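Report on one structure; see the data block that follows.
The values are calculated or read from the model by the stated rules, or taken from the named source; none is laboratory data. Keep in mind it's a predicted model, so treat the numbers as computed, not measured. Every residue, glycine as well, gets a Cβ built from its backbone with ideal geometry; the counts of neighbours run over all protein chains shown. Side chains are part of the model used for accessible areas, which takes the heavy atoms of the whole protein and leaves out ligands, DNA and RNA. Shrake-Rupley method; radii C 1.70, N 1.55, O 1.52, S 1.80 Å.
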Amino acid sequence: NRRIVLASRPHGKPVDDNFRLEKAPLPQAKDGQLLLRTVWLSLDPYMRGRMSDAPSYAAPVQIGEVMTGGAVSRVVESKSADFKAGDLVVGSTGWQDYSVADAKAVKKLEGAALKQPSLALGVLGMPGFTAFMGLLDIGEPKPGETLVVAAATGPVGSLVGQIGKIKGCRVVGIAGGEEKCRYAVEHFGFDECLDHRAPDLDKRLKAACPDGIDVYFENVGGAVFDAVLPLLNTKARIPVCGLVSQYNATGLKDGQDRLSLLTGTILKKRMRVQGFIIFDDYGHRYPEFAKQMSEWFEAGKIKFREDIVEGLESAPQAFFGLLEGKNFGKLVVRVGQD
Ligand code: NDP
């Protein structure tokens, strides 16, 4: 059984030495537990937070502990009446070949995810749920409104854009590079998509949003938010989902303090700015998401893109790339066969 543990805490960008690949004996399942073989491991931006011991909404991974992560696994041995060997399940089982989990802590795959199990880590799982609740419950998009979202080809952003289109919005994406932008328009149906790495984002965003911005789904922060702020309309809604451009930052940037610009804008425009942590805030509404998303998905209304990396040992490098936009679609690692 191979597993990747946290070897040290990063300062700024994570590096190879922060992880260690270890061999360990196969774990044993007790009553009420399952022995699981990992098939697909999900890599997600929140994992950067777990590597750090700065105060957050979840406890950090301890040094020497297996890296935390969602995965789709095959049941090898079941000591629970609710599962049998061969079942596919999703749960937070970590960066390892085999794990033992309480039967209550995992969920059986169902519906479309049974045909393509990795989707239980993307559009049909946690990132999909995040896009759905953040946009619909906090963003409250209305027909004819303008919605802006960055990381537009990732699992959260691509779904925010597609749900925005279903709700009748003008959807403007922001992504890193021309190829991603073209893909967001042609494949995901965004009205426009702007490259945040090209100059004059503020001017191009203004041109793309002639009626201002009603909903800004915040995935990245930083320079993108700077371009968005002056374009926000009165009563704009900002679901604050993530700030991936800041996850490797070691402190605040030097420069002019613009906090009063932000709070002044919130006041004058009477905006709603609300952070959320998906399972903490919306766990009880998962069935609502599962039902609606599977309907849309079966009706062919939802497109997705995956970026597949081979082998558990490739997880650290792929994860570093995720924080810099090297992934193109939902990043998953194939750890075993479906
Ligand atoms: P993605 O697969 O979209 O990966 C992150 C993307 O962020 C990169 O591919 C890159 O896309 C973009 N990015 C990285 N650095 C920068 C930068 N400096 N400026 C602008 N964009 C940057 O990730 P997810 O879809 O899984 O997650 C999107 C966001 O949602 C993250 O912030 C994540 O933390 C958050 N999230 C929050 C949850 C919650 O409960 N609140 C739950 C799940 C996710 P590009 O190359 O296009 O710039």
Problem set entry | Nonlocal amide H pairs with Tyr98, under 5 Å, H built at 1.01 Å | Arg2, Thr38
Exercise. How much length, in nm to one decimal, is gained on full extension between Ser314 and Leu252, taken as 0.36 nm per residue of separation minus their Cα-Cα distance?
Worked result: 19.2 nm
Exercise. Long-range amide H contacts for Gln33: which residues qualify at under 5 Å (H placed 1.01 Å from N, peptide plane, sequence gap of 5 or more or a different chain)?
Worked result: Lys79, Ala103
Problem set entry | Gap separating the Cα centres of the stretch 120-182 and the stretch 1-74, nearest whole Å | 28
For this session: Show me 10-18, 52-60 ranked by packing, highest mean number of other Cβ atoms within 10 Å first.
Result: 10-18, 52-60
Problem set entry | Backbone HN-Hα couplings from phi across the stretch 131-137 [Karplus 6.51/-1.76/1.60, Hz, Gly and Pro as x] | 4, 4, 6, x, 6, 6, 7
Problem set entry | Residues with amide H under 5 Å from that of Glu65, placed H, sequence gap 5 or more | Leu6
For this session: Would you mind calculating the gained length between Asp137 and Glu295 on full extension (0.36 nm times residue separation, minus the Cα-Cα distance), in nm to one decimal?
Result: 55.0 nm
For this session: Report ³J(HN,Hα) in whole Hz for each residue of the stretch 24-32, in order, from the Karplus equation J = 6.51 cos²θ - 1.76 cosθ + 1.60 where θ = phi - 60°; Gly and Pro get x.
Result: 9, x, 4, x, 10, 7, 9, 3, x
For this session: Kindly report the accessible area of the chain per residue (heavy atoms of protein chains, probe 1.4 Å, no ligands, DNA or RNA), in Å².
Result: 47
For this session: Could you work out which residue, out of Thr38, Thr263, Thr153, moves most in a Gaussian network model of the chain, that is, has the largest mean-square fluctuation with Cα springs under 10 Å?
Result: Thr263
Problem set entry | Carbon and sulfur %, accessible surface of the chain computed with the full protein complex present, 1.4 Å | 52
For this session: Show which aspartates and glutamates lie in cross-link reach of Lys235 when reach means a straight Cα distance below 17 angstrom and same-chain residues fewer than eight apart are skipped.
Result: Asp137, Glu140, Glu145, Asp211, Asp214, Glu218
Problem set entry | Table column - 3J(HN,Hα) (Hz), the stretch 217-231, Karplus curve with 6.51, -1.76, 1.60, x for Gly and Pro | 8, 7, 10, 10, x, x, 4, 5, 5, 4, 6, 6, 3, x, 9
Seminar exercise, completed: Over all Cα pairs of the stretch 126-279, the Kirkwood radius sets Rh, and Rg/Rh then becomes 0.94
Exercise. Taking a threshold of 24 Å on the Cα-Cα distance, which of the pairs Lys115/Lys301; Lys203/Lys303; Lys13/Lys253; Lys107/Lys330; Lys203/Lys268 fall above it?
Worked result: Lys203/Lys303
